[in-house]
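Student: Handing you this structure, nothing more for now.
The values are calculated or read from the model by the stated rules, or taken from the named source; none is laboratory data. Only a predicted model underlies this, so the values are computations on that prediction, with no experimental measurement involved. FYI the Cβ positions are ideal-geometry reconstructions off the backbone, even for glycines, and counts take in every protein chain you see. Remember, those area values only see protein heavy atoms, side chains included, never the ligands or the DNA or RNA. Shrake-Rupley method; radii C 1.70, N 1.55, O 1.52, S 1.80 Å.
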Amino acid sequence: MAGDHSRSLGKGSAAPGPVPEGVIRLYSMRFCPFAQRTRLVLRSKGISHEVININLKNKPDWFFEKNPFGLVPVLETSKGQLIYESPITCEYLDEAFPGKKLMPSDPYERAFQKMLLEHFSKITPLVFKYFVAVKDGQDATALKAEIAEKFGKLEEILSKRNTVFYGGDSVSMIDYMIWPWFERLEPFQLKDSLSHTPKLQRWMEAMKEDPAVKATMTDPQTFKGYLQLYVKNSPEACDYGL
């Protein structure tokens, strides 16, 4: 069975066969933070799954039949049902499978997590933009300040709630939704953006103890190697280190 660290399928590859009964398939890419969200939820809930990695710099034609946007993550069920867009895949897994619910049952708390995700979605493009600006030798001071300001808002929320995690005293959906970018702060050269956010630092330390986080974590050096190839549009990027 294909796994998290299998080589990616690119242009010219044969489309995989149907998904076996009792398993859900994830089309992923080893370094993609959006796909990591889905991998975190699959692991956290102990869902039986297989992973097929896609070469995002050299996509197979058949992949557009799985997701017209040509992006990962995509889930495929044994009935041939397809689910894409990372928050939607994660919510689907939480609703469709038994075990601990990652989304809160309280309607306000659910709404709060979705609002927080909207706020966070404004940060993710800035992080990559900052990395590219630094790589190209541009002045990225204003970008860095903007990111630090947004992290300050996340710090404020933890202070107000007075909890270790964003949904309370245990990991819930929103923690998994935002974690992949925090894991990548060092390779993105943004680790010091957290210097004034002790609560956020404590959250990160607590997240690193979570079994699903441990199981999906990428070594920062490996991620740096991938990034160098990715910004050059290299078709080798997705399989870096294999």
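Student: Filter the stretch 205-238 down to residues that are under 21 Å from Phe131 (Cα atoms) and of a type outside the set (Phe, Trp, Tyr), then give me how many there are.
Tutor: The total comes to 19.
Student: Quick check on this structure: which one of Arg37, Arg7, Arg30 is in a loop (DSSP other than H, G, I, E, B) and in contact with a Cys (Cβ under 7 Å, 6 or more places away or on another chain)?
Tutor: Working: Arg37 fails: in a loop (DSSP other than H, G, I, E, B); Arg7 fails: in contact with a Cys (Cβ under 7 Å, 6 or more places away or on another chain).
Criteria check complete, one pass: Arg30.
Student: Tell me which residues, restricted to the stretch 189-202, are open to solvent by 10 Å² or more (accessible area, probe 1.4 Å) and in a loop (DSSP other than H, G, I, E, B).
Tutor: Gln189, Ser195, His196
Student: Specify which of the listed residues (Gly70, Gly46) is at pLDDT 95 or above, among the small types (Gly, Ala, Ser) and open to solvent by 30 Å² or more (accessible area, probe 1.4 Å). Give the derivation first.
Tutor: Values: Gly70 fails: open to solvent by 30 Å² or more (accessible area, probe 1.4 Å).
Only one candidate passes the filter, namely Gly46.
Student: Can you tell me which residue within the stretch 226-241, out of those that are out of contact with any Lys or Arg (no Cβ under 7 Å at 6 or more places or on another chain) and surrounded by 16 or more Cβ atoms within 10 Å (Cβ to Cβ), is farthest from Pro187 (Cα to Cα)?
Tutor: Filtering first and then ranking leaves Tyr240.
Student: Could you look through the stretch 208-225, keep only residues that are open to solvent by less than 40 Å² (accessible area, probe 1.4 Å) and part of a loop (DSSP other than H, G, I, E, B), and pick out the one that is modelled with the highest pLDDT?
Tutor: Residue satisfying both the conditions and the ranking: Asp210.
Student: Return a yes/no flag: does the stretch 21-33 have any residue that is over 15 Å from the mean Cα position of the chain (by Cα) and more than 14 Å from Leu93 (Cβ to Cβ).
Tutor: Yes, that holds for at least one residue.
Student: Scan Glu205, Glu186 and give me the residue that is of a type outside the set (Ser, Thr, Tyr), under 25 Å from Gly46 (Cα atoms) and open to solvent by 40 Å² or more (accessible area, probe 1.4 Å).
Tutor: Glu205
Student: When you look at Ser121, is it exposed (fewer than 14 other Cβ atoms within 10 Å of the Cβ) and of a type in the set (S, T, N, Q), yes or no?
Tutor: When the stated conditions are applied, Ser121 passes them.
Student: Checking the structure you have, find out if any residue of the stretch 19-26 is in contact (Cβ under 8 Å) with a residue 24 or more places away in the chain, surrounded by fewer than 21 Cβ atoms within 10 Å (Cβ to Cβ) and among the hydrophobic types (A, V, I, L, M, F, W, C).
Tutor: yes
Student: Counting only residues that are outside any loop (DSSP other than H, G, I, E, B) and among the charged types (D, E, K, R), which one in the stretch 124-152 is surrounded by the fewest Cβ atoms within 10 Å (Cβ to Cβ)?
Tutor: Glu149
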